[in-house]
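As structure tokens, the structure follows; a few thoughts come after it.
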Amino acid sequence: MTIKECYLRLDGDYDDIMERLGTEKLVERFMLKFPQEGERQMAALHEAMENEDIEECFKVAHTLKGVSANLSITGLYQKASALTEQLRPLTNAPDPKLVIALKEEYDHVLTVLQDYVDEKEEV
């Protein structure tokens, strides 16, 4: 799988990330760092929800929004953005439907990235 094919499966914007970073090697470098950061943020979101800490939920959703925007992973960006905006007043508990949609998209991203790594290792 090429980086471009990976971005298509990620529901990402290949042209945007290439314009921003310039080379596929650099895109790959940052793209493959995402699972670590994403895992930290998803764990933090889960913990903030358990603690009913709306402000922390907002911060985590906003961070995921920023990371996915920087990587041009559009599908994840949209889900994180929806949750961020729902939490923005800092008075609303996280909408479970938005959290589930974010988690599903996050899991999809991890699956695609793992497929990319697995295919690369086979070559």
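The values are calculated or read from the model by the stated rules, or taken from the named source; none is laboratory data. Being a predicted model, the structure only gives us computed values, none of them experimental. Cβ atoms come from the backbone with ideal geometry, glycine included; neighbour counts cover every protein chain shown. With ligands, DNA and RNA removed, areas are computed over all heavy atoms of the protein, side chains included. Shrake-Rupley method; radii C 1.70, N 1.55, O 1.52, S 1.80 Å.
Below, the figures for the structure above:
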read-out	value
Binned Cα-Cα distance frequencies in region 50-123 - 10 Å width, integer %	21, 44, 23, 9, 3, 0
Label-point separation in nm, Thr91 to Glu52, each point 7 Å along Cα→Cβ	1.7
Radius of gyration and Dmax over the Cα atoms of region 40-80, both given in Å	10.3, 31
Distance from region 67-82 to region 1-28 (C-alpha centre basis), Å	14
Charge sum, other residues only, whose C-beta stays under 15 Å from Glu47's C-beta, Lys/Arg counted +1 and Asp/Glu -1	-3
Heavy atoms of Tyr14 accessible to a 1.4 Å probe, total area in Å² rounded to 10	40
All-pairs Cα distance distribution in region 1-86, expressed in whole percent, bin size 10 Å	18, 47, 25, 10, 0
Portion, in percent, of the accessible area of region 1-101 that falls on carbon or sulfur, probe 1.4 Å	52
Count of lysine pairs in the chain with Cα separation under 23 Å (8 or more residues apart, or interchain)	20
